[in-house]
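This report refers to the structure that appears directly beneath it.
The values are calculated or read from the model by the stated rules, or taken from the named source; none is laboratory data. Note that the coordinates shown come from a computational prediction; the quantities given were computed from them, not determined experimentally. Ideal geometry is used to build each Cβ from the backbone, glycine not excepted, and the neighbour counts take in all protein chains shown. Surface accessibility is based on the protein's heavy atoms, side chains included, excluding ligands, DNA and RNA. Shrake-Rupley method; radii C 1.70, N 1.55, O 1.52, S 1.80 Å.
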Amino acid sequence: MAEVKEIKKVAKKAKMADPATASIDPATREMLERAQKLGVETIFDRAVTMKACNIGSQGTCCKNCSMGPCRLPLPKDYDEATDERKGLCGATANTIAARNFIRMVAGGAAAHSDHGRSVAEVFMSAARKETEAYKIKDEGKLRQMAPHLGVATTLEVDGEVQDRDIDEIALEVAEKSLNEWGKAEGTVEYLKRAPAPRYEIWKKQGVLPRNIDREIVEIMHRTHMGVDQDYKNLMKQGVRASLADGWGGSMLATDMQDVLFGTPFPLVSEANLGVMKEDMVNIVIHGHEPVLSEVIVEVAQTKEMIDYAKEKGAKGIQLSGICCTANEILQRHGVPLCGTFLQQELAIVTGACDAMVVDIQCIMQNLANVAKCFHTKLITTHPIARMEQDNVVHIEFDEHHALEDAQRIVKLAIDNFTERGADVMIPKHKSPMVGGFGVESVQYHLGGTFRGDYYTLNDNIINGRIRGIGGVVGCNNARTKHNEAHIQVVKELIKNDVIVLTTGCNAIACAMEGLLTPESAKVFCGPGLAEVCETVGIPPVLHLGSCVDNSRILLAATEVVKAGGLGNDISALPAAGSAPEWMSEKAISIGQYFVASGVYTVFGTVFPAEGAPVFQRFLFEEMEKMYGGMWDFEKDPILHARKMIAHIDKKRKELGIDKARERVMMDMSDRMALEV
Ligand code: SF4
Ligand code: MSK
């Protein structure tokens, strides 16, 4: 039996999670059972013992000054006409909910954008050649992004147009990119990448973000006690900041990561806890920022490290990932996905995790408590994300000595292999997958070599084989059954011929379920989508990367508009967005920039405006008049997907392509009748 050092006995508690109802995933259920047997507490148990606050989850608890918290529950006999709820200062339920909502946007936009800033700083070091660890890997992508920042890629010498030196371009792109966070004048450059009518809508609504940092700061100012007290005006700022995220910080992060580490192209891998290996050193990488993990991947493959692992009795080094760092190293290197957000503690519970290396975002502090029960070294690496527990090792990453940092980390994991207990249990479950799609590879696979654009995709949407596009993204939420809504929503969509673009934990959930394989098309898709997938050889669910890579979905939608035949703006497309199990503030920022970009967007679990029906109606209905996209909320996964499909059908009708679809949807008896 292993030396599982108990820190907290869940057995003493009145209630524990029931593994069968906690997750749809067998590996997760096995590990949860094991954790409970070993007396190791996880988030699943805490979700049973600690209930969420109803008022807070409805968005109507204000603690923006010390006279509060002022709590405004929605009365059972709520009547809009007589609603007089207010905080001490007089703030209405609408004001409070709107302030809370845009503070979530600020949190999410800050997280994505600060990630982008870190990447931009590494990019600058690489451009200045201050570091050996990072180089410009994808020159084509650099030349492609440069003009969007106003950086010339050619120059004229003696009347002849020549390619500009790549180092010069890199330096100017680095400067211009970093400037996007705090420039004194103008607006965010990438906004012009959107279809022209979309840009005009933003201009007309007065929501063009000036720079990324400013919009986030302004949210904090406006929501301070006694400033902006008009929910519509508050939301205007929420929209501005969300656009600064989606078409600013996130898009820059994605582009610069592609330039530094390579633009993803489809590759084969595996997903779920079963990717860990008993006879190898297991290093699990978790978080969001790929700058360190890229170097860890490189170092872990060196002969020196593999030999060192063998010296210690292991057969080699097995890397795997949790959350979006996982998606990043998957899409560029095929490193397998260990699990979603809710599986992070369980990777340690296997007893086979020799090191868990974390950077930023979605890292549960309880990891340190779980790690205490096993031999796992928990290593924090980012100066802004440390943990108070004394068993956590901090190895601060710096791009100037990235290789040394990565070597130290990998060596620490290898040394720790010999400290493993005998009681190791790795679930067998894992699924094959294809990941690493992007704007470029979708164009390659669905666009055809002659036209080199999205024409074929559009053609298949117009002729009805593909009913529409669903962007399904986002987290796990311990308040709902792990992965259930993710999988049900996606299956319902593909069953109805809606092709799915996925990122974040939804992408991992789909991978675990086997939906990211071309073969799954035959099993789960409607006839039209199955035919397209089988012809082209792609899965019906396309993995587009991490949370910041939702910007890829925006650009893919823009390419669809550009290819023609489906209207002149994103809001005209037969497309819808979804986050079935969202929990993070980043999801709200993403949802808001989807909506402001013209996408109908449905969220599951809870909606943080339910306590303020007037404000919620503004988000669900009024926003459509302003932006062509709007929010919606549906807990039931099947109804959730059907709402998306209904919206897609509405758009097909508006485009006049609903008839084509009707022909495709003929059932077997119709077909037989025709053949007679
Ligand atoms: Fe209460 Fe107003 Fe203070 Fe909020 S800002 S806590 S509503 S008094
Ligand atoms: S990791 S933000 S739990 S998707 Fe990007 Fe998953 Fe949500 Fe974190």
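Here Lys625 is the anchor, and the lysines within straight C-alpha reach of less than 16 Å, apart from those fewer than 8 places off in the same chain, are Lys203, Lys204, Lys232, Lys236, Lys650, Lys651. For the pair Leu88 and His445, the difference between a 0.36 nm per residue extended length and the Cα-Cα distance amounts to 122.7 nm.
Based on alpha carbons, the Rg and Dmax found for region 443-655 are 15.9, 53 Å.
Summing Cβ point charges (Lys, Arg +1; Asp, Glu -1) relative to the Cα centre of the chain gives a dipole of roughly 2000 debye.
The alpha carbon convex hull volume per residue for the chain rounds to 177 Å³. Which of Val157, Leu38, Ile317 sits farthest toward the positive end of the charge dipole of the chain, with +1 on the Cβ of Lys and Arg and -1 on the Cβ of Asp and Glu? It is Leu38.
On a per residue basis, the chain carries 38 Å² of accessible surface, using protein heavy atoms and a 1.4 Å probe.
Please give the calculated 222 nm ellipticity per residue for the chain, where each DSSP H segment of at least 4 residues contributes -39500 (n - 2.57) and the sum is spread over every residue; nearest 500 deg cm²/dmol? The per-residue figure over the chain is -14000 deg cm²/dmol. Placing unit charges on the Cβ atoms only, positive for Lys and Arg and negative for Asp and Glu, gives region 267-417 a dipole magnitude near 400 debye about its Cα centre. For Lys303, the lysines whose Cα comes closer than 20 Å to its Cα, not counting residues fewer than 8 places off in the same chain, are Lys277, Lys312, Lys315, Lys411. For the chain, the share of accessible area belonging to carbon and sulfur comes to 52 percent (1.4 Å probe, ligands and nucleic acids excluded). Extending 7 Å from the Cα toward the beta-carbon at both Asp398 and Lys659 defines two label points whose distance is 6.9 nm. For the peptides 499-507, 341-349, 29-37, residues were scored by their other Cβ atoms within 10 Å and the scores averaged per peptide; the highest-first order is 499-507, 341-349, 29-37. Between the listed residues Ile348, Val335, Ser293, the Cα displaced farthest toward the positive end of the dipole of region 267-417, a dipole computed from Cβ unit charges relative to the Cα centre, is found at Ile348. Local charge for Leu208 was computed over the other residues whose Cβ lies under 15 Å away, with Lys and Arg +1 and Asp and Glu -1, and equals +3.
Across the options Leu573, Ile426, Ala27, the greatest Cα extent toward the positive end of the charge dipole of the chain (unit charges at beta carbon of Lys, Arg, Asp, Glu) belongs to Ala27.
Here the Kirkwood formula, the inverse mean of 1/r across different C-alpha pairs, assigns region 206-341 a hydrodynamic radius of 17.7 Å. Of the peptides 38-47, 423-432, 115-124, the ranking by mean beta-carbon count within 10 Å, highest at the top, reads 115-124, 38-47, 423-432.
Rounded to the nearest 20 debye, the dipole magnitude of region 192-316 is 740 debye, with +1 charges on Lys and Arg beta carbons, -1 on Asp and Glu beta carbons, and the Cα centre as origin.
Here Lys522 is the anchor, and the lysines within straight C-alpha reach of less than 26 Å, apart from those fewer than 8 places off in the same chain, are Lys428, Lys430, Lys491, Lys495, Lys643, Lys659.
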